[in-house]
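S.K.: I have a structure I would like to understand better, so I am pasting it below and will then ask my questions one at a time.
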Amino acid sequence: MLLLLQYTIIFASVLLLVALGGCFSEHSGVINLGLEGIMVIGSLGGALVMRFFPGLPPFVMVIAVILGAILFGVAYSCLLGVAAINFKADQTIVGTAMNMLATAAATVFVKAMNTAANPNDVSASIQYIEPKKSFLIKIGGFEFNWFMLVAIVGLVVAYVVLYKTRFGLRLMACGEHPQAADSVGINVYKMRWAGVLISGVYGGLGGICYIMVSASEWKFDAGVYGFGFLALAVMIFGQWKPTRIALTALLFGLFRALASVYSGIGFLARLNIPSTVYNMLPYIISLVVLALTSKSSRAPKAEGIPYDKGQR
Amino acid sequence: MDQQYAIEMLNITKRFPGIIANDNITLQLKKGEIHALLGENGAGKSTLMSVLFGLYQPEEGVIKKDGVEVHIKDPNDANRLGIGMVHQHFKLVECFTVLDNIILGVEPNKAGFLQKGEARAKVMALSEKYGLHVDPDALIEDITVGMQQRTEILKMLYRDNEILIFDEPTAVLTPQEIDELMVIMKNLAAEGKSILFISHKLAEIMAVADRCTVLRRGKYIGTVETKSTTAEALSAMMVGRNVNFHVEKKPSKPGDVILDVKNMTVASKGHKKNAVNDVSFKVRRGEIVCIAGIDGNGQTELVYGLTGLEPLSGGTIELCGKDITKAPIRRRSTGGMSHIPEDRHKHGLVLDYTLEDNMVLQRYFEPEFTKMGFLRRKNIRAYAERLIEQYDVRSGQGPVTMARAMSGGNQQKAIIAREIDKNPDLLVAVQPTRGLDVGAIEYIHKQLVAQRDAGKAVLLVSLELDEVMDVPDRILVMYEGEIVGQLDPKKTTQEELGLYMAGAKRDEVIS
Amino acid sequence: MKKLLKNDAFQTLIASLLCIVVGLFLGFIVLLFINPSGAASSIVEVIKNFMHFSSGKLRLKNLGNTLVKTAPLLMCSLSVLFAYKVGLFNIGAAGQYVVGSAVSLYCALALHLNWLLCILLAFVAGAIYAAIVGVLKALCNVNEVISGIMLNWIALYGANTILSNVKEPTSPYTLHITGESPSSLIPSLGLDKLFNNNSYVTIAIPLAIIIAIVILVLLNKTKLGYELKATGNNKNAAKYAGMAEKRNIILTLMISGALAALGGAFLYLSDYEQWSCSQSSVPGMGFNGIAAAFLGGLNPIGSILSSYFIQHITNGGAYVDLTKYSSQISDLISSIIIYLCGFVFFLKYAISSRLEKSEEKRARKAIADHEKGGEE
């Protein structure tokens, strides 16, 4: 049971971080369907730190990995910013392209790196068994992961920034009514860029967190299994509000955790449900949840609509 | 040297591709005066104000503030110069509170963290001083349009603006709210604020403005003292000829009942209260019935219920004696109902379709235009060409012009041609003249009367008082989802109409 | 020249070519970055694909292989294109393709049905599966991209489970149809002879092209196309005009899903590939369909060309110097191309508005000259 709790919390942390990323982007008025891709690139950033600096002391390691993931995530989110904000491209196409590009680019890059190090190694994976230990602290039977703390800090920061600061007020105005924001002298393009870049921070963090809790070695040709989209479902069910998103993330985290640990839980194992069902479960649940909540959605009103200063 | 003028716009010229929106226009606003800017739709008022507000850069001309030349490159510059504007379409974030909207852009903060306390105190003081009575913690989406407008006024006052621009501020208000606004404007002027008041409503200008500048088709016509002129003279300046505002029509001869609505109720999307509540009325052949009322009192939902865009939650509708309460839209349309929709871009047209494809939007499935599932392009072209000719719809490339590329007036004409040519028994026309110039308005009013004279039933929904008084044979006033009065346009006055529209007066209406 | 530039189809062509050139160039830069010594020859290999071989016979055979995979890609791109014309982004095409693959393989390997029946059942299954997205969209307002992605994963897990029943005992791959149920193979009707006896070349290829033309006609010449496009452009206007806009959304996705599913059937019923029951990510065919649809300028005929191109470079990826690079360089290039396709509208808009401006200038000058003339 403790294991289930631990997995629930850690998967919820991933979903929370990524969903908060989507939340910032959408509050600024840009739909970020490329979160999946940002996760992949962010995770690559963190994994590279672990691969090239495996000997860092634990605390430094945690910080360095986090920074690596953030840096990569932010850099990658620029692709969305340029296309969606400056060139008014279709945000759906760009997001989709970013997801495909991330996996392809990560694969090509990691393979090239592996082959360069060892001509016989044509895999697209990075392993990080040792560095991973820096992130874990045993508390009794419970394995605390630094990312749980990161997620909580991320949540508090998101809440404070959105609701208590000048920046948050302006950001949300840009997603709701950019013309109104513009008329009081707010630079809508800048705010939207800020929203997208912040989603890069959160997305990158979520990415590295995801691969580190799922395995000790990641094959980058596999992407992140639709987790970016699950996070979007979490965001929608959370009605674009950080606190509600956190609760939803816990719910979704539970279903994802079941897939990992059901065989260790007596009564679930005895039910003899094929593992496929558990694998499908998060996706099915999110479909049901979306069906129930999308009708009365309170999405930012101007999201997905490119802002054009000329059109008034 | 003491300057007489707060703002001077001298010889402003602003061109757009294909049009000179402002041609050598001069406007001088004295300190502490209320100055009206009068002109029809498309006369160049909005462009001129956008220039003043820094949204456009003029090709020629200078702007002076207190006698000193200034360059206004964006709204921030305008703001720094103390210029504020209440836009026609409010620039308010609906899910924010009144206070958040007021401080947006000039938020009091410590290291980026909002300090709303002092802002609240200032807003309350201003609200008190000018008698605005707003609740700073209410959400914009929950308050009335009048209150939203006051929020916009507070936005300007909070920024200590000295020059206040009101763009068509009365269009959305009840006559009583308009009176209150006039008082507020006079208070503001008395406190030394200079006010620019954009309008095409002569009575309001005569009532509140000190001076009035008139534009016509992008050109400067003149500036006059309102004390020494008349509404008629202003009107002649505005349109360049003496327009017959009155619609010529013979007395109506109502025939059989075409539309019979009984106890119609439509649920509201956002609120618990019904948008349309227990409404009954009839429309007969050969009469124009007008639904009047302030925007947002259930007219839109009434039309949606009638035309099938929204389901009814109660009541029945009969069209030509047949019950169509639950009929799908297509059956209502083929059963004799035509609908000129309120929003031509949202409902009336497929903007990325050609004009000819839009012309058959209600009829493409008829055998004339479809055979064995394939479109009969030749017939569609011929039909569109006939309508274009007959209704004088102008466009760049005729039937193959994209609807998006057409002017608003011609888009509306295309819709009217399509809907009238269906030869309906009932024509539902919702704000058919919105945003059009005088010529197009006259044309459309004539078409409505012609339909009536041809024995059709016409249901007109209008927010324009002039239209309400002139066009119909019978007026039904809606207030908060109910019909509160039936008036005879020949016997009533605008004042009486206003009382009904504001809910201050109501009768039990039996149609 | 100006007239040509104004032509929408021409603009699309220019934009697409530009995307391809920039995409290949960026791919080249990546190769250079990884290892400068073989970059040039590798990118040439990607472009050459089957021309890699010197013998004409081998070239034909490999051209055949490219075509075998072009047919399913074309179907996926038609699927995406059709939905997009109606205002829907069917990213679920990938999952519908999986459903089509699974159903056709199961029908062939477990039920030993005739190929036509296998195809039809795949078609129906794809339509039904996509209808879920349609119903969620039309009735519950669920974003079709998110529901599509969820269904992609559900389809993948489902397919792996079902096809485990018909896999080889020692490998994760499904059995060969040739051995199990030859009547389930799509016939080639002599087409194989044209490609040096490449038995994988079947009538699926001409069939896919015919379907592309049918889609073109359906969209542009029929009442249904008129209705569907109206719904896509302005669903409120469609509702106002009495079209059943909810039914249209569902119908569109069903057609779209059926097309993608046919793609799956076309590939797996040729026995060119076997399904791996242990695959952990959704096959890229559906996603590449998105690339092909946009690269083809959202026109079915354009799709035929762009599908071929994308498959051409994807197959070409196998010929890069694998000791230095990976074959996924082709995926990288395709995804760069889709990203660039996001800019196409901007590009076309830029061309048009430039033209308009210069025309405007000339018109104004003409008027000015005229007025001057009048004064004289």
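S.K.: From the backbone phi of the stretch C:15-27, what are the Karplus-calculated ³J(HN,Hα) couplings (6.51 cos²θ - 1.76 cosθ + 1.60, θ = phi - 60°) in whole Hz, Gly and Pro given as x?
M.R.: Taking θ as phi minus 60°, the curve returns 4, 5, 4, 4, 4, 5, 4, 5, x, 5, 5, 5, x Hz for the stretch C:15-27.
S.K.: Which of these, C:L109, C:L17, C:L228, has the largest mean-square fluctuation under a Gaussian network model of chain C (Cα springs below 10 Å)?
M.R.: Evaluated over chain C, the most mobile residue of the options is C:L17.
S.K.: Per residue of B:102-114, how many C-beta atoms from partner chains lie within 10 Å of its own C-beta, taken as a mean?
M.R.: Partner Cβ neighbours, averaged per residue: 5.
S.K.: Residues with amide H under 5 Å of B:N109's amide H, sequence separation 5 or more or different chain, H placed in the peptide plane at 1.01 Å from N; which?
M.R.: Correct list: B:Q115.
S.K.: Also, I was wondering about something else. Residues with beta-carbon under 12 Å from that of B:G455, excluding B:G455: net charge, scoring Lys, Arg +1 and Asp, Glu -1?
M.R.: +1
S.K.: Now a separate question. Based on the mean of other beta carbon atoms within 10 Å per residue, what is the order of A:254-262, B:193-201, most packed first?
M.R.: Output ranking for A:254-262, B:193-201: B:193-201, A:254-262.
S.K.: Within the protein assembly as shown, what percent of beta bridges assigned by DSSP are antiparallel, to the nearest 5?
M.R.: 60 percent
S.K.: Also, I was wondering about something else. Determine which lysines satisfy two conditions relative to B:K491: a Cα distance under 21 Å, and not lying fewer than 8 residues away in the same chain.
M.R.: Answer for B:K491, where 21 Å is the Cα cut-off: B:K249, B:K250, B:K253, B:K282, B:K505, listed by chain and number.
S.K.: I've got another one for you. Send over a whole-number figure in Å² for the accessible area per residue of the protein assembly as shown, probe 1.4 Å.
M.R.: On the way: 48140 Å² over 1199 residues.
With the other protein chains kept in place, the protein assembly as shown gives 40 Å² per residue.
S.K.: With θ set to phi - 60°, apply the Karplus curve 6.51 cos²θ - 1.76 cosθ + 1.60 along the stretch A:49-64 and write out the HN-Hα couplings as whole Hz, x wherever there is a Gly or Pro.
M.R.: Along the stretch A:49-64, the couplings run 4, 5, 6, 8, 10, x, x, 4, x, x, 5, 4, 4, 4, 4, 5 Hz.
S.K.: Sort B:V257, A:V289 from largest to smallest accessible area, using a 1.4 Å probe on the heavy atoms of the protein chains.
M.R.: Sorted descending by solvent-accessible area, the residues read B:V257, A:V289.
S.K.: Just to confirm the number: angle between the C-alpha axis of helix C:223-233 and the first principal axis of chain C, 0 to 90 degrees, nearest 10?
M.R.: 70 degrees
S.K.: Using only Cα atoms, tell me the angle between helix B:116-129 and the longest principal axis of chain B; keep it within 0 to 90° and round to the nearest 10.
M.R.: Computed tilt is about 80 degrees.
S.K.: Give the average, rounded to an integer, of partner chain Cβ atoms located within 10 angstrom of each Cβ in B:331-337. Could you put the intermediate results ahead of the total?
M.R.: Working: counts 1, 1, 3, 1, 0, 0, 0.
That works out to 1 on average.
S.K.: At q = 0.07, 0.08, 0.09 Å⁻¹, what log₁₀ I(q)/I(0) does the stretch C:57-327 have when each alpha carbon counts as one equal point scatterer in the Debye sum?
M.R.: Each listed q maps to, in turn, -0.24, -0.31, -0.40.
S.K.: What percent antiparallel are the DSSP beta bridges of chain B, to the nearest 5?
M.R.: Details: 46 of 84 bridges.
So the antiparallel bridges amount to about 55 percent of the total.
S.K.: I'd like the Karplus ³J(HN,Hα) series for the stretch C:177-193: coefficients 6.51, -1.76, 1.60, θ = phi - 60°, whole numbers in Hz, and an x wherever there's a Gly or Pro.
M.R.: 5, 3, x, 8, 7, x, 6, 7, 6, 5, x, 9, 6, x, 5, 4, 4
S.K.: Taking the stretch A:161-193, which trypsin sites (Lys or Arg not before Pro) meet the DSSP loop condition and have no more than 10 other C-beta atoms within 10 Å?
M.R.: Sites meeting the loop and neighbour criteria: none at all.
S.K.: Report, in whole Å, the centroid distance computed from the Cα atoms of the stretch C:229-278 and the stretch B:289-333.
M.R.: With the stretch C:229-278 and the stretch B:289-333 each reduced to a Cα centre, they are spaced 34 Å.
S.K.: Along the charge dipole of chain C, pointing to its positive end and built from +1/-1 on Cβ of Lys, Arg, Asp and Glu, which listed residue (C:I43, C:A9, C:I149) has its Cα farthest out?
M.R.: So the residue we want is C:A9.
S.K.: Please list C:325-331, C:98-104, C:56-62 highest first by mean number of surrounding beta-carbon atoms within 10 Å per residue.
M.R.: Descending mean neighbour count gives C:98-104, C:325-331, C:56-62.
S.K.: Same structure, new question: Magnitude of the Cβ-charge dipole of chain B, K/R +1 and D/E -1, about the Cα centre, nearest 20 debye?
M.R.: I would put it at about 1440 debye.
S.K.: Averaged over all directions, how much area does the convex hull of the C-alpha atoms of chain B cover when projected, in nm²?
M.R.: 26.8 nm²
S.K.: Which angle from 0 to 90°, rounded to the nearest 10, does the C-alpha axis of helix B:438-453 make with the longest principal axis of chain B?
M.R.: That works out to roughly 30 degrees.
S.K.: Please work out the Cα center distance from the stretch B:434-506 to the stretch C:194-214, rounded to the nearest Å.
M.R.: If we compute the Cα centre of each part, the gap is 66 Å.
S.K.: For the interface of A with C, what's the total buried accessible surface in square angstrom, probe 1.4 angstrom, rounded to the nearest hundred?
M.R.: Separately minus together, A and C give about 3800 Å² buried.
S.K.: Here is a follow-up. Quick one: which residues, 5+ away or cross-chain, put their amide H under 5 Å from the amide H of B:L196? H built at 1.01 Å from N.
M.R.: Correct list: B:H35, B:L164, B:I165, B:F166.
S.K.: Further question on the same structure: Send over the semi-axes of the stretch B:5-239's equivalent ellipsoid, whole angstrom and largest first, taken as the square roots of 5 times the C-alpha gyration tensor eigenvalues. The partial results should precede the final answer.
M.R.: On the way: eigenvalues 178, 87, 50 Å².
Calculated on Cα positions only, the semi-axes equal 30, 21, 16 Å.
S.K.: Another question, then. Please report the projected area of the protein assembly as shown's Cα convex hull averaged over all directions, in nm².
M.R.: Quarter of the Cα hull surface area: 54.0 nm².
S.K.: Follow-up question, since we're still on this one. Quick check on packing: order C:182-189, C:345-352, B:305-312, A:113-120 by the mean number of other C-beta atoms within 10 Å, highest mean leading.
M.R.: Ranked by mean Cβ neighbours within 10 Å, highest first: B:305-312, C:182-189, C:345-352, A:113-120.
S.K.: Could you pull out every residue, at least 5 positions away or on a different chain, whose amide H is within less than 5 Å of the one on B:Y479? Hs are placed 1.01 Å off N in the peptide plane, and Pro or chain starts have none.
M.R.: Sorted by chain and number, the residues that satisfy this are B:V484.
S.K.: Quantify how much of the Cα-Cα distance distribution of the stretch C:237-365 extends past 20 Å, in percent.
M.R.: Values: 5343 of 8256 pairs.
When all Cα pairs of the stretch C:237-365 are counted, 65 percent exceed 20 Å.
S.K.: Based on DSSP H runs of at least 4 residues, each adding -39500 (n - 2.57), what is the mean residue ellipticity at 222 nm of the protein assembly as shown after dividing by all its residues, to the nearest 500 deg cm²/dmol?
M.R.: Result for the protein assembly as shown: -17500 deg cm²/dmol, rounded to the nearest 500.
S.K.: Mind checking the stretch C:80-167 for trypsin sites (Lys or Arg not before Pro) that DSSP puts in a loop (not H, G, I, E or B) and that have at most 12 other Cβ atoms within 10 Å?
M.R.: none
S.K.: Between the stretch A:1-70 and the stretch C:124-162, how many Å separate their Cα centres?
M.R.: 28 Å
S.K.: Further, regarding this structure: Per Stokes-Einstein, at 10 °C and 1.306 mPa s, what whole-number D in µm² s⁻¹ belongs to the stretch B:377-511, with the Kirkwood radius over Cα pairs as the hydrodynamic radius?
M.R.: After rounding, the answer is 95 µm²/s.
S.K.: What average number of partner chain Cβ atoms lie no more than 10 Å from the Cβ of the residues making up B:65-75?
M.R.: The shielding value for this peptide is 1.
The values are calculated or read from the model by the stated rules, or taken from the named source; none is laboratory data. What you are looking at is a predicted structure, and each value in this text was computed from that prediction instead of being measured. Heads up, the Cβs are rebuilt from the backbone with ideal geometry, glycines too, and the neighbour counts pull from every protein chain shown. Note: accessible area is taken over every heavy atom of the protein model, side chains too, but ligands, DNA and RNA are not part of it. Shrake-Rupley method; radii C 1.70, N 1.55, O 1.52, S 1.80 Å.
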